[in-house]
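Data block below; observations after.
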Amino acid sequence: MPANQTPSKTARTDGLLGSYCPTVRPKVPVVIVRCVREMGRRGLTDVGLYRVSGADKDIKDLRDKFLRGKNPDLTRVADIHVLCGVLKDFLRSLKEPLLTTALFGAFTLAADLTKDEESLSMMFEAIAELPDANKDTLAYLILHLQKVAAECDSNKMYASSLAKIFGPTIVGYSSPNSDAQTMLEDTKKQPVIVEKLLSIPSEYWKQFLITDEDVRDGKTPRTARQEDEQQDRNENTPTTPEPRPGPDFRRLASSAKKAVKSTPSAHRSPLSPKFGSKSKQSAKKSHFFSSPFTK
């Protein structure tokens, strides 16, 4: 298991996503990584993932353990819906949605375009404007939700269902002080944007999740993938994602256009990327979480 130590109970954050992330990429909070990995270990076939509620007390207790710097054994959590609840509850507790309030308009405009290539091009531009923590966490979450949707024959959770559930925490609203009418209008836009994000091929999202160590080592996509696939066979861990070069808009637009027309099970995502940085990073006291990807 990766290291995931957190500071003492007196640690405080400002409610922004970056405060819960390590200083090195990929910047994804440990609570999200741990819950996603445990769900993946069990399989994603339980009916109603993210729709069925877990016990509120169990969700609160487990989330509080993470935030107090504990290292809970998730294999002891009997109900997978509690893990789903912890992930959703953590996202709801953030000061801003993953796409940020400032970029709500840009994502809305991109999702509304009728031509797939133009829509994706604008979507890529908007994603590029996100802070690193938001970008990396969004990529990690989308890859996970693509796998959940790929098991829709078993879990009955289609991309459209997941888009409605995660709309408020991924997309949010156009203003933190919106009136009721504006919030109602924004709520209709949220699932459209999330479904567009889910239709983007996994190879695009994986570019944001390569470790900083691999970037420094100058590994090519093929070399990094081959090394981690071999380690996966030995350790049963997820595979290393693609590096972070700019996407080929035309190729991805073509792939996404086909994906939009297919059912969720027609475009299964590969296993979650592996983040096993082997270098020993010095701990920085100013951050709530150390990297969950160092062993």
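The values are calculated or read from the model by the stated rules, or taken from the named source; none is laboratory data. Bear in mind the structure is a predicted one, so any value in this text is a computation, not a measurement. Glycine also receives a Cβ, built like all others from the backbone with ideal geometry; neighbour counts cover every protein chain displayed. Ligands, DNA and RNA are stripped out before the accessible areas are found, and what is left, the full protein with its side chains, is counted by its heavy atoms. Shrake-Rupley method; radii C 1.70, N 1.55, O 1.52, S 1.80 Å.
Laid out as a table, the results:
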read-out	value
Amide H partners (placed H, <5 Å) of Ile200, local residues excluded	none
Rounded if a/c under 1.5, otherwise prolate or oblate - segment 84-168, Cα gyration tensor axes	oblate
Carbon and sulfur %, accessible surface of segment 45-98 computed with the full protein complex present, 1.4 Å	45
Above-threshold pairs, the threshold being 31 Å between Cα atoms, out of Lys115/Lys164; Lys95/Lys164; Lys65/Lys196; Lys115/Lys206; Lys57/Lys206; Lys156/Lys196	Lys65/Lys196; Lys57/Lys206
Positive dipole terminus of segment 21-73, leading residue within Val52, Pro72, Thr23 (C-beta point charges)	Thr23
Global geometry of segment 115-214, whether rounded, prolate or oblate, following the gyration tensor of its Cα atoms and the 1.5 cut on a/c	oblate
Anisotropy class of segment 1-153 from Cα gyration tensor, a/c 1.5 cut	oblate
